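Just so it is clear, none of the values below were taken in a lab; they were calculated from the coordinates. Note that this is a predicted model, so its numbers are computed, not measured. Using ideal geometry, Cβ is built from the backbone for each residue, glycine included, and neighbour counts are taken over all protein chains shown.
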Amino acid sequence: MRIVFKTSYDKDIDIHEHWGKRGAYLALLAIMVALPFLVGEYYLAEAANTLIWSLAGMGLMVLVGHTGQVSLGHAAFLAIGAYTDAALMTAGVPFVIAFPVAGLAAGLFGALIAIPAVRMSGIYLAIATLAVFVIVEELVIMLEPITGGVGGIFAPSITILGINFDRYAALPNLYWLILAVVVIVTWGYANLMRSPTGRSFLAVRDSEVSARALGINVTRTRALAFGLSSGVTGLAGALMGHYIGFFNYELFSIFISINLLLVVTIGGLGFIQGAFLGAILITAVPQAIAITRDWANASLGVDLGGIPGLDTMIFSLVLIGFIIYEPTGLYGRWLKIRTWWELFPLARKDMFRRQKSYLKTERMR
């Protein structure tokens, strides 16, 4: 077991508990930077796609995992980010300006929607966000001169200081750009959660009654979380548009919102690392299904491609399994394994038994 000797109170709010964990993250970052030299273009493209989903997952994690709000329409903010970035670049605005403006536009739209929406909770908030998704989808079709309507729109190629970041012409450059954005957002996210604002998010999530008793403006805190969540998701949408190259409103369907919920739920609600683990799972499972389908067709003569909704069924079974057996997700399971290993042989069998008692304030919500 590692014993952390704290010499100042600042250690309690440090991003990393000790240098060992900091070194592990630096080693992981070094591997990610060197990935274009280690794998082919196919796997590099999949890694870039996973990073984009991780960024979108972090956006939703602010809302669901750290503030306790539910959203079924976050694909709308992906669409706002993608269309805003593509429209501005088509008009001649450089990427270094269009990209942050796209995130700002999605964040402002989310904040405006949040003013009335955050006064709701539970299923009512989920229905409200679903209605927002429908509104944005209709606006995309109506604003045809800007969005291309039903036909769609091309995302212009990114060029910064004469360096091309096109997916097909310069995939490693695009991958490094996406990685840089994800690292910066992750660093900002981690610092946000150790600030008073981040702690107010957690207080609202755990008990609104207790948060109000502590003097926290619950409505303003939830609206701020909604705006930040929408902005980060908008950045992911802008990168997704450049990754795909050409897109229309059908890309940002309700299934994207459901997949985002799967990312944060399966990865681990309330953990930044959970957004990455969930994104890895959500992008790896379709590839595993495709490989299994080809193997079954070639070796066993079984055509799994004729089964409609196979991917959706598998994702549903995975989600149900995690909700029943591991509600803390993949990262929660990793924390339990790590704790058991650190305490071995003193670990007890039922040390991770699920808590079934609640605070009185929790029962009064």
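Listing for the model above:
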{"read-out": "Share of alpha-carbon pairs per 10 Å distance bin for the chain, given as whole %", "value": "5, 21, 31, 26, 13, 3, 0"}
{"read-out": "Residues with amide H under 5 Å from that of F247, placed H, sequence gap 5 or more", "value": "I153, A155"}
{"read-out": "Long-range HN-HN contacts of L72 with modeled amide H, under 5 Å", "value": "T129, L130"}
{"read-out": "Euclidean distance between Cα centres, the range 148-196 to the range 245-301, Å", "value": "20 Å"}
{"read-out": "Sum of side-chain charges, L125 neighbourhood, beta-carbon under 11 Å (Lys, Arg +1; Asp, Glu -1)", "value": "+2"}
